[in-house]
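Asks: Got a structure for you, written out below as structure tokens; questions coming shortly.
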Amino acid sequence: MLRGTVSCTIFALLFCLAGARPSSAADPIRVGAVLPFSGGVELYGQQAKLGLDLAAKDINAAGGILGRPVEVIYADDKTNPDAAAGAMRSLVEKDGAVAVVGPITSRNLNALVPLAESLKTPLLYATNYEGGKCSRYLFSFGAVPNQELGQLLPYMTQSFGNTYFMLGADRVWPHQMFDIAQPLIEKLGGKVVGTKYTLGTETDFSPIIKEVAVSKARVLLFALKGDGMDFIRQADEAGLLKDITVAFLGLSEVDLGIFRGKGQNMVSVVPAVAASGDPAVKAFVARARAAAGNGVAISNYVMTHYNTLIALKAAAEKAGRLDKEAIIDAMAGLVIPSPTGPVTLGQDHHAAMSMFIAKTQGTDLVQVRALGEIVPQPGCRLPGR
């Protein structure tokens, strides 16, 4: 609460955390952000930036962190591991970043986790991923497989059928997600009747569409991003989506414009739905839209990246000093409010949070079912725990 009798609301949160202290003229606290602004997944980098800019604005309006303003310094990882590593090293060693937010892709995450360890700098990751990475220096604010696949597959099997075709890009995340999905499908009494990985160079997806159709699968488990998502439009126009329902991993509102009105009733599990009727979510989305300008989609990437800076502020003020190791110690076990409900960072540094089944409807992603808070099972433990 604020000093006095005023209650904390989600939009008074930052004033409550700061004790409504006035901003200081002290040097800013620098936070690095290694995100894709080129290389094929820049839509998600822009969404992440929107969330971080909004959080920094709110934090500074509430007095900053320990009385100092926060400044986010952005670097383009070019969707490339070497570029990501170079960007992070520069942000920490030259710019003095106390923490780094990012990246988006699993491939780049694999490059940054060991670097975060060697630089002894917190890496705040806010994208859904395949799990399996536990490090003192990594904090995950996105969903792991039990929060996403573990909720999506039972719903799809019960609602649409138990035969699956898995289609994804030939990259780390789809391969590992499908490796996790297959035994889950079999445990549910289902069967994987086909698996295909794209090379990223396809423009005509008709051969793959035919392969999926011949399989007679009832559910298409889909893990494609970037240009590969044009598969959805082509599949819809070919009539494939009349006979199969898409279970879309990592779907967000920012993707919907790519489908050009096609791909209705695709299903996903997400940590936030922008079209939610919940007053706190509506207010957050309205503020994000006002910051972004007309025509810019607001997705769960905005909220999860917003949460990274809120957690960093709360941890620094819990620690009482701007020390990386103290911030890490304070962040483990931290609970922060968010528009969708509390987010709890466990001792494994992964986030328990509310999850939602959603589907595409018109030009929106709409909520089908609120799943409540789902505790993560990241598939790893921190050393010594």
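Asks: Pairs please, first residue from the range 155-171 and in contact (Cβ under 8 Å) with a residue 12 or more places away in the chain and of a type outside the set (Ser, Thr, Tyr), second anywhere and part of a helix (DSSP H, G or I) and surrounded by 19 or more Cβ atoms within 10 Å (Cβ to Cβ), Cβ atoms under 6 Å, 6+ apart in sequence or on different chains.
Replies: Filtered contacts from the range 155-171: PHE165/VAL212; MET166/PHE178; GLY168/PRO174; ALA169/GLY228.
Asks: Return the total of residues in the range 22-45 being part of a helix (DSSP H, G or I) and either out of contact with any helix residue (DSSP H, G or I) (no Cβ under 8 Å at 6 or more places or on another chain) or of a type in the set (Gly, Ala, Ser) (or both).
Replies: To start, the set of residues in the range 22-45 that are part of a helix (DSSP H, G or I) comprises 42-45.
Those still in the list that are either out of contact with any helix residue (DSSP H, G or I) (no Cβ under 8 Å at 6 or more places or on another chain) or of a type in the set (Gly, Ala, Ser) (or both) too: 42, 45.
So the count comes out to 2.
Asks: Moving on to the next point. Kindly list the number of the only condition in (1) outside any strand (DSSP E or B); (2) polar (S, T, N, Q); (3) surrounded by 24 or more Cβ atoms within 10 Å (Cβ to Cβ) that fails for SER268.
Replies: Of (1) outside any strand (DSSP E or B); (2) polar (S, T, N, Q); (3) surrounded by 24 or more Cβ atoms within 10 Å (Cβ to Cβ), only one is false for SER268: (1).
Asks: Right, here's the next one. In the range 348-385, what residues are closer than 23 Å to ASP329 by Cβ and free of Cβ contacts under 8 Å to residues at least 24 places away in the same chain?
Replies: Within the range 348-385, just GLY384 meets the criteria.
Asks: Here's another thing I want to ask about it. From LEU322, LEU312, LEU345, LEU334, grab the single residue that is in the same structural domain as LYS133 (by TED's automatic domain parsing) and in contact with a Pro (Cβ under 8 Å, 6 or more places away or on another chain).
Replies: Residue meeting the stated conditions: LEU312.
Asks: Cβ-Cβ below 8 Å, separation at least six or inter-chain, first residue in the range 135-153 and farther than 14 Å from ILE374 by Cβ, second among the aromatic types (Phe, Trp, Tyr): which pairs?
Replies: LEU138/TYR125; PHE139/TYR125
Asks: Same structure, new question: What helices (runs of 4 or more DSSP H) completely inside the range 105-204 contain at least 3 residues that are touching a Pro at 6+ places or on another chain (Cβ under 9 Å)? Walk me through it before giving the result.
Replies: Working: elements: 106-119, 149-160, 172-187.
Here the list reads 106-119, 172-187.
Asks: Any idea which of (1) of a type outside the set (Phe, Trp, Tyr); (2) at pLDDT below 95; (3) not assigned by TED's automatic domain parsing to the domain that holds PRO69 is the one ASN294 doesn't satisfy?
Replies: (3)
The values are calculated or read from the model by the stated rules, or taken from the named source; none is laboratory data. Everything quoted here is computed from the prediction, not taken from an experiment. Cβ coordinates were reconstructed from backbone atoms using ideal geometry, including for glycine residues, and neighbour counts include every protein chain displayed.
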